[in-house]
Structures are given as C-alpha cells and as structure tokens.
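The values are calculated or read from the model by the stated rules, or taken from the named source; none is laboratory data. Keep in mind the model is a prediction, meaning the values are calculated, not measured. Cβ atoms come from the backbone with ideal geometry, glycine included; neighbour counts cover every protein chain shown.
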Amino acid sequence: MAENKSDKKQHYISHKESRQIAKENSKAIRRFERAKKRKARPEEYLTEMKDENNIVEFDDLHTYFFSDAGTVKAVNGVTFSVPAGSTVGVVGESGCGKSVTSLSLMRLVQAPSGQIVSGSIRFRADMFKRDSRGRKIPVYETEKDENGNDIPKLDEHGKKIVKKNELGGTMYEMERQVVDIAKMPTDAMRTIRGREISMIFQEPMTSLNPVFTIGNQLDEVGRLHIQGISKERVKARSIEMLKLVGIADPEGVYKKYPHELSGGMRQRVMIAIALLCNPKLIVADEPTTALDVTIQAQILDLLREIKGKINGSIMLITHDLGVVAEMADYVVVMYAGKVIEMGTAEDIFDRPLHPYTIGLQKSKPTVDQVTDELYCIPGFVPNPINMPDYCYFRDRCDRCMQKCSGEYPGYVQVTPTHKVACYLYGNGDDREAEGKEEANG
Ligand SMILES: Nc1ncnc2c1ncn2[C@@H]1O[C@H](COP(=O)(O)OP(=O)(O)OP(=O)(O)O)[C@@H](O)[C@H]1O
Ligand code: SF4
Ligand SMILES: [Mg+2]
C-alpha cells in the first residue's frame, strides 16, 4: 500500500529532533541503570500479593525501548496474573509485546535501551534468610544430647555438618516472601532467575552454546544455582534431567555438542536445563515454533507432564492458538503492548468478545471448512512509537463506534473470569458489563 504524504511526515524525524531524542534517552537510561545497580534495601522491593492463589501478578507494567527514533512502548500497562499450578497462555500477533513481558519477568530486557519504566511484577519466592552481615544462613545436621535436646552434629574435625537439600546442595534457611521483581536490584534478581523461575526460549540453537557439550552446559547451570553441590551430584542431576525430558540415551547426549542433536532433542535439552533447579514457574516463549508438528506435540505433552511432576506453573507464550487451546487453563490476549482480553481457555475460545480476538480465531485454519482464502485482519498495528490515545484497534475494527474515538477503553468484567477492554461491552471503566447478553451471545 502506498504511503501518502502526511503518513510520511508523521514518521519523518529531522536530524535535530533525533539528536534531542538521543539526549533525553541517555538521561532517562542513566537514571534507570543507576536505580538497578544501587544497593536497595529489601523493604524497597518486598510487597504483598493481591491474591494469595497467584504465583505472579503483573500490575500495570510498562517496559519501553528508548530508541533514537523515539520511545517504543513495547509493554504499555500490562496487568494479569498466573495462578499457582496453572498454565497461562499469552497470545497475540508478532510484535505485540509477549516476549518483552516475559523478559521483564526474568529481568532480561535488552539494556540499556530497554527498561522497565513503571509498574510491578509481584512474585511469591522462597528467598534466602540473611544474617546481620548479609550472608546466607546454612542449616546444620543435628542430633539429640542426653537430655533429648537438639545439638549440632560435628564431624571428625569438630566442625558442624551442613545439611544437604534434596538436590544435593547446601541447605540454607529460607523464607517465603513476595518480591516486586520490577524494583529488585540486579544482584538480588540473580537468586531468583534460574532457581525460582526459568525460561525456555524459542530457538534452542541460539540459546545453547555451540562450543560446549550438553553436559557442560547443564552442569554449569547446576553449579551456579545449587550451591555446595558436588561434581558427581551435579552430573547425576544433569543426566537425571535428560532422562526426565525423554532423551533415550542421556549418558550419550550428555557428551554431545548441540549441532549433533536434532531440533526436537535440542529443545528437550533446553527444557532439561530449565528444570534443573526445580523452578516454581517456567516461562516458555514459543517453545515449539521452530519444530515440526509431530515434535511439537511431543514437546507440549512433555511440558504438560512436567508441570504435574514439579507441581509448578507455566506461562506459555505463543502466537499459535491451537497450542494455547491444548495447553492453557487461562488465556491472555495482547495487542500492541496491552492486554485486550483475558479469561479461562473456554471464555476465550468459546465466547471471544474483543473484535481482535474474534479476528484471530477466524484467521485460524480449520480442517472442517473448505475455503479459498484464510481470513486476515485488515490493516496494521499502529506505530509503537506514536500510539494513539483511542482504542489501538480502532483503525482495523469493523465494529467501531463513535465512542471508540474517545479515550482508550478500560476493562469490563463480563463474568467473574472474563475481562475485555472494548466499548462494545459497556463503558470500559472497569464496571460490570452492561451488555452481558450481547457479550455471551
Ligand atoms: N531490543 C529491542 N529494541 C527495540 N525495540 C524492541 C526490542 N525488542 C523488542 N522491541 C520492540 O518491542 C515490541 C514488542 O516486541 P516483542 O518481541 O515482545 O514481540 P512479540 O509479541 O514477542 O512478537 P513475536 O511473536 O514476533 O515474538 C516490538 O515493537 C519490537 O519491535
Ligand atoms: S473499543 Fe471500539 S474500536 Fe476498539 S475494539 Fe472495541 S469496538 Fe472496536
Ligand atoms: Mg516473541
């Protein structure tokens, strides 16, 4: 489609403007980087969960990229939660902010240009208890004295024996705390990443290091996150994990390099790495996109099986509605950096409300319908640097009304589990929907 003159003008930035943007960006970036590096007191990032049944709560999260062309509001006020023990699917078309949301949770947004600007990511974590000097407190083996009291057990050199945890690492005193990941300093975040939350990326070949064996890479993660673990235990754990993810010859694969494995096996290795420290939450960002259909089904089965075994939760990011329908308990639909609809999988698949969600469903190929051309949502996502004030979907929406040119619609709670940001279902001001019949019809 040919761009008209006014469109061109809208996207054009003069050299002077670009310099001014760069100057402002570097000021903002310095401020955010300083905040990340400073030694924050725990009180500054300890918080409370809104709902005790959740493991993660995103609350009005804003993550921006400060580019010379302007600020890309990649995540622009995202609010949703992951209930403990459930799978939450995050869907939306390319560029809508799914990966940036998950990278914000891991605190892996590409800095310095990418920064969490505001909002909260509350996470229920088991944190190390610290003594007055900030050191972790080990748990010691005990025995009973003649009066039946617990006393520390001593080794042959008279030293207290440190207790080992189920993974074979040093056992430390822990406390359950709710932390706001968005406000945590970088060093505190390192104790959560990998141990409490782990991530499976889309393309295993780019995530695995080609010059190290699979065993090296698994062992490294084990040594890093399971302190005090012996060399033999770490190897045994790596092989146990390879077995758990269904690799037939775990000892053989342990010695191989990534290029010697198939795509499906590499993705299994990535899942084994993610599982190594028994995380509470696994973030899987398009875990099956690079795989063929049969391997895709195997990997999804594996994820489902593993979720049961570790009793954890999964945040599954995908643009494939079929994958979400098969896996997710809850679904979050994102569009242009915002959540536009969320609900249980049945809510979203059987009763989609937002015209964008309806469009996504229509554009999915089905076997029982013969058609010459697949449905395609007309138009494009607005320029992320210059987002409008009104509903971001307005220019593509076939049900657009006059009201839709007003301010961005708020959420309408259509049922206790189903929320949508669209004027079709009420005033969009977080009130109970007035158009309930219409919504469910
Ligand atoms: N490092 C970066 N620098 C600048 N902009 C970025 C960067 N990473 C992501 N973005 C922008 O942030 C927005 C959201 O990107 P994101 O990767 O989260 O999309 P996505 O929903 O994961 O898409 P996909 O389905 O293609 O993976 C996009 O507009 C993208 O251009
Ligand atoms: S608010 Fe209006 S423009 Fe936006 S999706 Fe709903 S009907 Fe369409
Ligand atoms: Mg992505």
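Candidates Ser81, Ser118: the one that is more than 16 Å from ligand 3 (Cβ to nearest atom), touching a residue at least 12 places away in the same chain (Cβ under 8 Å) and closer than 30 Å to Lys364 by Cα is Ser81. When Pro138, Pro152 are checked against the criterion of being more than 17 Å from the chain's Cα centre (by Cα) and under 30 Å from Ala84 (Cβ atoms), Pro138 stands alone in meeting it.
Determine if segment 66-82 includes at least one residue that is among the polar types (S, T, N, Q) and within 16 Å of ligand 2 (Cβ to nearest atom). Checked segment 66-82: at least one residue is among the polar types (S, T, N, Q) and within 16 Å of ligand 2 (Cβ to nearest atom).
Here Gly114 does not fit the description of being in the same structural domain as Ala325 (by TED's automatic domain parsing), away from ligand 1 (no atom under 13 Å from the Cβ) and at pLDDT below 95. Restricted to helices (runs of 4 or more DSSP H) entirely inside segment 158-248, those with at least 3 residues that are of a type outside the set (A, V, I, L, M) are 204-207, 214-225, 231-244. Being within 16 Å of ligand 3 (Cβ to nearest atom) and under 29 Å from Cys397 (Cβ atoms), is that true of even one residue in segment 261-280? Checked segment 261-280: no residue is within 16 Å of ligand 3 (Cβ to nearest atom) and under 29 Å from Cys397 (Cβ atoms). Annotation: Leu300 fulfils all but one of (1) more than 16 Å from ligand 3 (Cβ to nearest atom); (2) at pLDDT 90 or above; the unmet one is (2). Looking at Glu173, Glu146, Glu203, just one residue is more than 30 Å from Pro83 (Cβ to Cβ) and acidic (Asp, Glu), and that residue is Glu146.
Going through (1) touching a helix residue (DSSP H, G or I) at 6+ places or on another chain (Cβ under 7 Å); (2) exposed (fewer than 12 other Cβ atoms within 10 Å of the Cβ); (3) not β-branched (Val, Ile, Thr) one by one, Met199 falls short only on (2). For Gly97, the stated conditions do not hold, so it cannot be described as surrounded by 21 or more Cβ atoms within 10 Å (Cβ to Cβ) and within 16 Å of ligand 2 (Cβ to nearest atom). Of the candidates Ala272, Ala290, the single residue that is small (Gly, Ala, Ser), modelled with pLDDT under 95, under 25 Å from Val100 (Cα atoms) and surrounded by 21 or more Cβ atoms within 10 Å (Cβ to Cβ) is Ala272. When Lys307, Lys243, Lys280 are screened for being charged (D, E, K, R) and free of Cβ contacts under 8 Å to residues at least 40 places away in the same chain, only Lys243 passes.
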